[in-house]
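The values are calculated or read from the model by the stated rules, or taken from the named source; none is laboratory data. Predicted model, so just to flag it, every value in this text is computed and none were measured. Here the Cβ positions follow ideal geometry from the backbone for every residue, glycine too, while neighbour counts run over all protein chains shown. Heads up: the accessible areas ignore ligands, DNA and RNA and are worked out on the full protein's heavy atoms, side chains in. Shrake-Rupley method; radii C 1.70, N 1.55, O 1.52, S 1.80 Å.
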Amino acid sequence: MKVLGINGSLRRDSLNLKLLKAAGDYFSENVEFEILSLGDIPLYNQDLDGDNKPAAVVNLKQKISDADALVFATPEFNHSIPGALQNAIDWASRPAFNSPLTGKATGMLSASMSPIGGARAQAQLHTVMASALAPIFPSIEYLLGSAHTVFDASGAMTDETAATRLERYIKGFEEWLQQGG
Ligand SMILES: Cc1cc2nc3c(=O)[nH]c(=O)nc-3n(C[C@H](O)[C@H](O)[C@H](O)COP(=O)(O)O)c2cc1C
């Protein structure tokens, strides 16, 4: 099974990237987990969304199509998801009703320096992915609050409670995928 991790942050030292990497460690050996960066995707323009799409967009759509499931990790920007993430989803969501996102099993995580861990961004992402007709893992949300305090210099998650909750989320997600997502 292939799972594609998508980071909503473009930042080199992204806490959400660390979170995605930590999440990847909890999948079983039956899962091939790859993380995609959204850094090179141009702004959505319907004039470019024809037969000759930008290469980064072709790659994005192909990676999503090839994956059995997606796991997003997103920061919260101004109580919503970052523009880069919304933009990538906009590209991937076309053609409506028959896009690479249609029916794609989806999990979501969020990390923020605030104590509420990007809860508002994750709620927004839920709405956006529902609009793209993606089934979303029915679970208590995984919100990583005060995320700047839970990783060591090597990127390892040192907060045991956060790690246990992440393991539970990812193992539950994989079980859900095995049952058909
Ligand atoms: C433009 C901008 C807006 C932000 N707005 C919020 C916000 O509304 N809520 C929040 O919890 N954090 C907010 N933050 C803080 C980010 O969640 C925090 O920087 C986080 O670490 C970014 O994720 P990353 O480490 O994966 O890059 C904002 C940061 C930026 C740059």
Query raised in the report: Quick one: Gly181 ticks every box in (1) open to solvent by 10 Å² or more (accessible area, probe 1.4 Å); (2) at pLDDT 95 or above bar one, so which box is it?
Result: (2)
Report task. Quick one: in the range 12-28, of everything that is outside any loop (DSSP other than H, G, I, E, B) and not charged (D, E, K, R), which residue is most open to solvent (accessible area, probe 1.4 Å)? Result -> Leu17
Query raised in the report: Of (1) closer than 16 Å to Ile6 by Cβ; (2) in contact with an Asp or Glu (Cβ under 8 Å, 6 or more places away or on another chain); (3) not β-branched (Val, Ile, Thr), Phe72 satisfies all except one. Which?
Result: (2)
Query raised in the report: What number of residues in the range 85-135 are within 15 Å of the chain's Cα centre (by Cα), open to solvent by 40 Å² or more (accessible area, probe 1.4 Å) and of a type in the set (Val, Ile, Thr)?
Result: 1
Requested in this report: With the checklist (1) at positive phi; (2) within 15 Å of the ligand (Cβ to nearest atom) in hand, flag the one item Leu143 doesn't pass.
Outcome: (1)
Query raised in the report: With respect to Leu101, is the statement that it is more than 16 Å from the ligand (Cβ to nearest atom), of a type in the set (A, V, I, L, M, F, W, C) and more than 28 Å from Thr161 (Cα to Cα) true?
Result: yes
Query raised in the report: Can you name every residue in the range 29-58 that is open to solvent by less than 60 Å² (accessible area, probe 1.4 Å) and assigned to a helix (DSSP H, G or I)?
Result: Ala56, Val57
